[in-house]
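The values are calculated or read from the model by the stated rules, or taken from the named source; none is laboratory data. Just so it is clear, the structure is predicted and the values come from calculations on it, not from any experiment. Note that each Cβ is placed from the backbone with ideal geometry, even for glycine, and that neighbours are counted across all protein chains shown.
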Ligand SMILES: Cc1ncc(COP(=O)(O)O)c(C=O)c1O
């Protein structure tokens with residue numbers, strides 16, 4: 001999979017003891033290096049992953065080109081459309097045409113698509129689609145001789161809430177195709193407006209033209225995490241990126257409210273101006289965290305610290321619960 005694919009795949013391959021090869025990006029295009037992807041294939045390769053779009057930079061991987069490789073080597077090809085599936089499916093109708101990214105390409109075998117993101121349904125619902133029912137059968141699990149009866153389970157997760165499924169269905173019916181097309185049009189337009197505004201601010205540059213709803217930036221002039229923390233202080237909760245350092249915004253319905261884009265652009269201009277004016281290199285929180293991560297070659301230490309941090313949530317008692 002491209003290095004930009006979601007860590008959910010690292011997690012799954014860890015659980016299933018499958019070897020995961022992460023393919024770097026071409027530094028110029030910031031798209032996965034297809035030559036290296038091809039070279040990574042061997043007789044044990046059981047799946048290729050592409051994202052439409054990926055989380056860090058919001059770019060759609062070259063799905064058509066990857067599908068040709070998958071076809072040539074007869075390897076199942078999964079398209080991760082978890083993040084933007086409910087946008088890309090409607091972009092053509094919303095006036096932002098895209099190249100094919102789905103079962104129109106003959107070698108795409110499965111697609112994941114989170115309803116709980118741009119489908120606007122409650123958290124905890126998602127969709128996995130298979131090209132055919134034969135592939136889907138591999139997902140199911142059954143035990144025939146259990147004293148509790150014949151057991152069958154459709155997903156990795158065990159008991160699931162019918163309430164969530166009902167809310168998900170109700171939300172899909174509420175929006176309908178027209179509703180999703182309308183929301184898609186607004187969200188994509190706002191993402192493009194932000195990209196346009198940010199690209200005109202000296203000192204920062206777009207990591208990629210936004211393909212969908214995520215706009216990612218970096219800087220060659222200053223530590224981009226200063227901007228992250230500056231915007232955070234003004235109430236913007238953006239996402240910090242690394243390799244290369246950057247920040248991104250994932251545009252949601254809330255950003256389509258009048259005045260929000262102008263406010264973000266104005267706050268960005270102010271922050272950049274302040275950073276460029278102040279010569280002091282006072283490190284801010286995010287600059288320290290990512291700066292430290294860059295300096296520690298053994299990433300297992302950072303993983304251990306991350307797990308300890310998660311563990312600390314469970315140990316915090318109510319009197320001292322100030323974290324997060
Ligand atoms: C591109 C992408 N893939 C997959 C996922 C799903 O991750 P998980 O199922 O672990 O929430 C996400 C969630 O943020 C995502 O953005």
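Residue check: is residue 143 under 29 Å from residue 107 (Cα atoms) and surrounded by 11 or more Cβ atoms within 10 Å (Cβ to Cβ)? Criteria not met by residue 143.
When each of 171, 125, 155 is tested for being in contact (Cβ under 8 Å) with a residue 40 or more places away in the chain and surrounded by fewer than 18 Cβ atoms within 10 Å (Cβ to Cβ), the lone residue that passes is 171. For segment 33-43, check the following and say yes or no: at least one residue is at pLDDT 95 or above, under 26 Å from residue 184 (Cβ atoms) and touching a strand residue (DSSP E or B) at 6+ places or on another chain (Cβ under 8 Å). Checked segment 33-43: no residue is at pLDDT 95 or above, under 26 Å from residue 184 (Cβ atoms) and touching a strand residue (DSSP E or B) at 6+ places or on another chain (Cβ under 8 Å). Every test in (1) within 14 Å of residue 59 (Cβ to Cβ); (2) surrounded by fewer than 15 Cβ atoms within 10 Å (Cβ to Cβ); (3) away from the ligand (no atom under 14 Å from the Cβ) is passed by residue 19 save one, and that test is (1).
Among the residues of segment 72-88, which ones are more than 11 Å from the ligand (Cβ to nearest atom) and touching a strand residue (DSSP E or B) at 6+ places or on another chain (Cβ under 8 Å)?
75, 76, 77, 86
Taking the criterion of being over 24 Å from residue 172 (Cα atoms), within 16 Å of the ligand (Cβ to nearest atom) and either touching a residue at least 24 places away in the same chain (Cβ under 8 Å) or not in a strand (DSSP E or B) (or both), would at least one residue in segment 111-119 satisfy it? Scanning segment 111-119, I find no residue that is over 24 Å from residue 172 (Cα atoms), within 16 Å of the ligand (Cβ to nearest atom) and either touching a residue at least 24 places away in the same chain (Cβ under 8 Å) or not in a strand (DSSP E or B) (or both), so the answer is no. Looking at 286, 268, 252, which is the one that is in contact with a helix residue (DSSP H, G or I) (Cβ under 8 Å, 6 or more places away or on another chain) and farther than 19 Å from residue 220 by Cα? Sole residue among the options that is in contact with a helix residue (DSSP H, G or I) (Cβ under 8 Å, 6 or more places away or on another chain) and farther than 19 Å from residue 220 by Cα: 252. No other residue among 108, 127 is modelled with pLDDT of 95 or more and in contact with a helix residue (DSSP H, G or I) (Cβ under 7 Å, 6 or more places away or on another chain) apart from 108.
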